[in-house]
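The block underneath contains the structure these notes are about, expressed in structure tokens.
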Amino acid sequence: MNVFSDFQERVRAAVTAAEVESTDGRPLDLSRIVVEPPRDLDHGDLATNAAMVLARPAGMKPRELALRIAEGLARDPQVETAEVAGPGFINLRLRPAYWHGLLGAILAAAAHYGRSRIGDGERVNIEYVSANPTGPMHVGHCRGAVVGDALANLLDFAGYEVTREYYINDAGAQVDTLARSAFLRYREALGEAIGEIPEGYYPGDYLKPVGEALVDLHGDDLRHRPESFWLPIVRDVAVARMMRMIRDDLARLNVHHDVFFSERSLTAAGPDRIAATIAHMRELGLIYEGRLPPPKGRLPEDWEDREQTLFRATDFGDDIDRPLMKSDGSYTYFASDIAYHHDKHLRGFRTMIDVWGADHGGYVKRMTAAVKAVTGGAGELDVKLCQLVKLFRGGAPVKMSKRSGEFVTLRDVVDEVGKDPVRFMMLYRKNDAPLDFDFQKVTEQSRDNPVFYVQYGHARIASVFRMAGEEMPDLAVSADALQSAPFDRLDDAGEIAMIRRLGEYPRLIEQAASSHEPHRIAFYLYELASDLHQQWNRGKELPQLRFIKHDDRDLTVARLALLRAVALVLASGLAILGVDAPEEMR
């Protein structure tokens, strides 16, 4: 049950009943009517803009129209008051019976409460992490992994058919450098002194097992071969080992992908799909041969004033047209990326979401332009940029990992504090805002630690049920018993406030899914947990508000029913974030 959708229909019905007509004789566009929480809860439970958006087409003053609509809404048996505010907004206060009915609906829906059909089965591709397979995952990858995975969970919950994809950057100079770095470790595993790792190579100890594996596979044969022979062999082994390590690292966060797409497969397996995409773009008139003006400022050393194959990116919102071929005839990275996203569209994905690091911000405009162009406007790319994560311990910056040689690894972070604090805190800021992650603070048991505060809310409810079982062992608290509880006994303002907060959940799911913003779920869960803990504390001060009332069985069951509904929503939201909902916390 979605409170806001329900009252959107009630408001539309009130408009129709008020016989409001447009001045041009055409039906009024009622789709623009919105029902939402008021900015100030002292004004009521719901607010609608109906009069504001319909006044002009109806040829009326907004306040005059609002008074007519409010008069009809006031006759609704579920509405306690309908008042006009300001220039024409209508604030509604609902009767307690409506909130009691909502509580029953939540308990009946159980784990399905909040699920939406707005996705209508639309296929969505979410590509996230996609780190170069040249080493272990670092904490920056960690944030993108969590954001992408939680977004996939959210869209799935909202009715979309989601594919989780990882793009393996296994072509280009960086994997050749990886292969040469691994070959050094191969020689080292054979007993050779390799000295200092050359600048530009990957220095981490994580490549030592790759060198040992090469010895097991090839003995000392590769050492005597030319690079042209051993490079592809070592590259394949190194990439495979790196991807195995990356999968293991991601599994620690409970992040799993449906598809691992190899960049090399665009050209190495079957027909050249980059060439096919460029030919497709040429047929559409998206490509021409021409020259680019020199970049502003100091010219880069590799700048060439030459005629080249260019994509008409400026026709689709980019700043300049973009080259697709290098001077040596090979493809640019941009050409590969266009072909990859074209392949996604050919696989049936109209909506594509890419989760990138903030350092790729300059690449967004050209890539969205390319997707729009190559799909004929039928495809849409939404890029979510994840800002940097700074690591602290008690306020002091955390030093780099010896294992990686360059950075703090994802594995280091998860091993120290656990999956749940990492996932929750990576989502407790919007993805495009910088994030400070303090190892000490995320393990504190206090309100200042959001993940503890929310999980403790779920565990606290479980403890109340255990306490009720011990102190009132014959009290019926099955799902059926709670659904038939006397909800009308819930008349305290704090109890109604909790039900009202629960009523926001379906709308929140749809808004977060539509905007591709999973962090909204984390914020909401903290607010819901805060409502719960606040009511608990009120019960400590006012015995009549305690959840368990030994002298009032009906009221106890009603309050346990409310707690069960809160626990259902906490567990649901935590599941979307990929965080556990514990029954106990030690």
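What to note about this one:
- Extreme residue, surrounded by the most Cβ atoms within 10 Å (Cβ to Cβ), among residues of the range 83-105 that are of a type in the set (Gly, Ala, Ser) and touching an Asp or Glu at 6+ places or on another chain (Cβ under 9 Å): Gly88
- Thr134, sole failed condition from (1) over 25 Å from Lys344 (Cα atoms); (2) modelled with pLDDT under 95: (1)
- Checking each residue in the range 540-565 for being closer than 14 Å to Ser478 by Cα and hydrophobic (A, V, I, L, M, F, W, C) picks out Val557, Ala558, Leu560, Ala561, Leu562, Leu563, Ala565.
- Test: residue in the range 165-177 that is at positive phi and surrounded by fewer than 24 Cβ atoms within 10 Å (Cβ to Cβ): yes
- For Pro421, the criteria (1) over 19 Å from Val398 (Cα atoms); (2) touching a helix residue (DSSP H, G or I) at 6+ places or on another chain (Cβ under 6 Å); (3) part of a helix (DSSP H, G or I) hold in every case but one, which is (1).
- Some residue of the range 471-493 being within 22 Å of Asp42 (Cβ to Cβ), crowded, with 18+ Cβ neighbours inside 10 Å and among the hydrophobic types (A, V, I, L, M, F, W, C): yes
- Total residues in the range 370-398, condition of a type in the set (Val, Ile, Thr), outside any strand (DSSP E or B) and in contact with a helix residue (DSSP H, G or I) (Cβ under 6 Å, 6 or more places away or on another chain): 3
- The numbered conditions (1) under 19 Å from Pro271 (Cβ atoms); (2) in contact with a Gly (Cβ under 8 Å, 6 or more places away or on another chain) are all true for Tyr340 except (2).
- Within the range 548-586, restricting attention to residues that are crowded, with 20+ Cβ neighbours inside 10 Å and not in a helix (DSSP H, G or I), the residue that is farthest from the chain's Cα centre (by Cα) is Ala581.
Residue by residue, here is whether (1) farther than 29 Å from Phe424 by Cα; (2) modelled with pLDDT under 95; (3) out of contact with any Gly (no Cβ under 7 Å at 6 or more places or on another chain) holds:
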position	(1), (2), (3)
Gly457	no, no, yes
Met467	no, no, yes
Ala476	yes, yes, yes
Asp488	yes, no, yes
Asp492	yes, no, yes
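- Output for the range 132-150, where each listed residue is surrounded by 23 or more Cβ atoms within 10 Å (Cβ to Cβ) and within 15 Å of Met425 (Cα to Cα): Val139, His141, Cys142, Arg143, Gly144, Ala145, Val146, Val147, Gly148, Asp149, Ala150
- Sole exception among (1) under 18 Å from Val237 (Cβ atoms); (2) surrounded by fewer than 19 Cβ atoms within 10 Å (Cβ to Cβ) for Tyr202, by number: (2)
- The range 425-458, residues that are in a helix (DSSP H, G or I), free of Cβ contacts under 8 Å to residues at least 60 places away in the same chain and in contact with a helix residue (DSSP H, G or I) (Cβ under 7 Å, 6 or more places away or on another chain): Met425, Val442, Thr443
- Among residues of the range 281-323, those that are in a helix (DSSP H, G or I) and touching a helix residue (DSSP H, G or I) at 6+ places or on another chain (Cβ under 7 Å), counted: 3
- Exclusive hit being of a type outside the set (Gly, Ala, Ser), farther than 28 Å from Asp343 by Cα, crowded, with 18+ Cβ neighbours inside 10 Å and not assigned by TED's automatic domain parsing to the domain that holds Asp382, set Val162, Val239, Val129, Val234: Val234
- Residue in the range 324-342 that is at pLDDT below 95, under 30 Å from Val146 (Cβ atoms) and not in a helix (DSSP H, G or I) present: no
- Residue, farthest from Ala131 (Cα to Cα), within the range 352-364, restricted to residues that are at pLDDT below 95 and outside any strand (DSSP E or B): Gly362
- Every residue from the range 15-42 that is under 36 Å from the mean Cα position of the chain (by Cα) and either surrounded by 14 or more Cβ atoms within 10 Å (Cβ to Cβ) or assigned by TED's automatic domain parsing to the domain that holds Gln511 (or both): Leu30, Ile33, Val34, Val35, Glu36, Pro37, Pro38
- Among (1) assigned by TED's automatic domain parsing to the domain that holds Ser530; (2) free of Cβ contacts under 8 Å to residues at least 40 places away in the same chain, the one test that Ala396 misses: (1)
- For Tyr206, the test of being farther than 22 Å from Ala339 by Cα, touching a residue at least 24 places away in the same chain (Cβ under 8 Å) and not in a helix (DSSP H, G or I) is failed.
The values are calculated or read from the model by the stated rules, or taken from the named source; none is laboratory data. Source: prediction; values computed, not measured. For neighbour counting, all protein chains shown are included, and Cβ atoms are generated from backbone atoms with ideal geometry for every residue, glycine included.
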